[in-house]
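Below is one structure, written out as structure tokens; comments come after it.
The values are calculated or read from the model by the stated rules, or taken from the named source; none is laboratory data. Since this is a predicted model, take the numbers as computed values, not measurements. Counting neighbours? That spans all protein chains shown, and the Cβs are built from the backbone with ideal geometry, glycine included.
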Amino acid sequence: MNKYAVEFENVSLVRNSVRILDNVSLKIKDRESVAIIGPNGSGKTSLMKLMKGGAWPYYDENVRTICRLFGEDRWNIFDLRKKIGVVSMDLQSRFKDQTSVGAVVLSGFFRTVDIYRDHEITDEMVAAAEDAAARVGISDKLTRDISKLSLGEMRRALIARALVPGPKMLLLDEPMTSLDIVAEGQFKNVLDSLIKEGTGIVMITHDLEDIPKNVQRIIMIKNGRIFKDGNKKELLTSNIMSDLFSSAVEVNEENGMYRMRAV
């Protein structure tokens, strides 16, 4: 079994002659959970695009570059998607209001935004969808139209959709956006449970309150470079966070949860 889900060495991403990422080197172990944090425009989303195989790095002939996912330097995107479940917050707006929650979850097998006539649904798929729904706490909503879901419930449906193929890693980009405080707490509990079960979660956020308790590793990115990479307790301090955001920030911790505020 390959030890790493992600292996980057001197990886850069260039767009319109501008380096969005600049010589990034990092490794994420198979089924490891990580939070990637940094200010807006720091390169977080671009880094995630590389992790899901949605972009190719810029290769400088004078620099040794490695961009390896699950042990592969080159990959079939369809095979890669079986290993990586991507939860995109804009995806929920692409489903029709009358789509059932069950159809949303099952669509994860086909990477579509609905179930179509040419899709063959097997008993094994139905069982996997029911299991995924149970894992995120929406078993009682599979027959409900998504128009009748709360925003937090819809996010959980998208998590279940990403889980059905049995991925090794989930990628989440700002997953708490627009959720109220109750839905945020419920969503973090779902993520903590998945981490305990062995699902690796890589999440992007700029808010420390979004980070589940069971995520212990923090990767900080600033100006397209890795700023810090290490243990949550060591990195989430007022001094380091102030340096990351180039502004005075106060960080507080309570029962393993962190929050920050500008001072």
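If only one of ASP97, ASP90 is part of a loop (DSSP other than H, G, I, E, B), at pLDDT below 95 and not aliphatic (A, V, I, L, M), which one is it?
Being part of a loop (DSSP other than H, G, I, E, B), at pLDDT below 95 and not aliphatic (A, V, I, L, M) holds for just one of ASP97, ASP90, which is ASP97.
Give me the residue from the range 229-263 that is in a strand (DSSP E or B) and crowded, with 17+ Cβ neighbours inside 10 Å and, out of that set, nearest to the chain's Cα centre (by Cα).
The residue in question is TYR258.
When you go through (1) under 20 Å from ILE219 (Cβ atoms); (2) over 20 Å from the mean Cα position of the chain (by Cα); (3) of a type outside the set (Gly, Ala, Ser) one by one for LYS96, which number turns out not to apply?
All conditions pass for LYS96, except number (1).
Just give me the residues in the range 132-150 being surrounded by 14 or more Cβ atoms within 10 Å (Cβ to Cβ), part of a helix (DSSP H, G or I) and either free of Cβ contacts under 8 Å to residues at least 60 places away in the same chain or hydrophobic (A, V, I, L, M, F, W, C) (or both), in sequence order.
Listed by number, the residues that qualify are ALA132, ALA133, SER139, LYS141, ILE146.
Hey, can you tell me all the residues within the range 205-226 that are buried (at least 22 other Cβ atoms within 10 Å of the Cβ) and part of a strand (DSSP E or B)?
Hits for the range 205-226 are ILE218, ILE219, MET220, ILE221.
Limited to the range 54-86, what total is found for residues that are outside any strand (DSSP E or B), over 26 Å from ASN214 (Cβ atoms) and in contact with a strand residue (DSSP E or B) (Cβ under 9 Å, 6 or more places away or on another chain)?
Result for the range 54-86: 12.
Among the residues of the range 12-34, is there at least one that is out of contact with any Ser or Thr (no Cβ under 6 Å at 6 or more places or on another chain), of a type outside the set (S, T, N, Q), exposed (fewer than 13 other Cβ atoms within 10 Å of the Cβ) and more than 23 Å from LEU235 (Cα to Cα)?
Yes - at least one qualifying residue is present in the range 12-34.
Which one of the conditions (1) touching a Lys or Arg at 6+ places or on another chain (Cβ under 6 Å); (2) not in a helix (DSSP H, G or I) does GLY108 fail to meet, given that it meets all the rest?
Going through (1) touching a Lys or Arg at 6+ places or on another chain (Cβ under 6 Å); (2) not in a helix (DSSP H, G or I) one by one, GLY108 breaks only (2).
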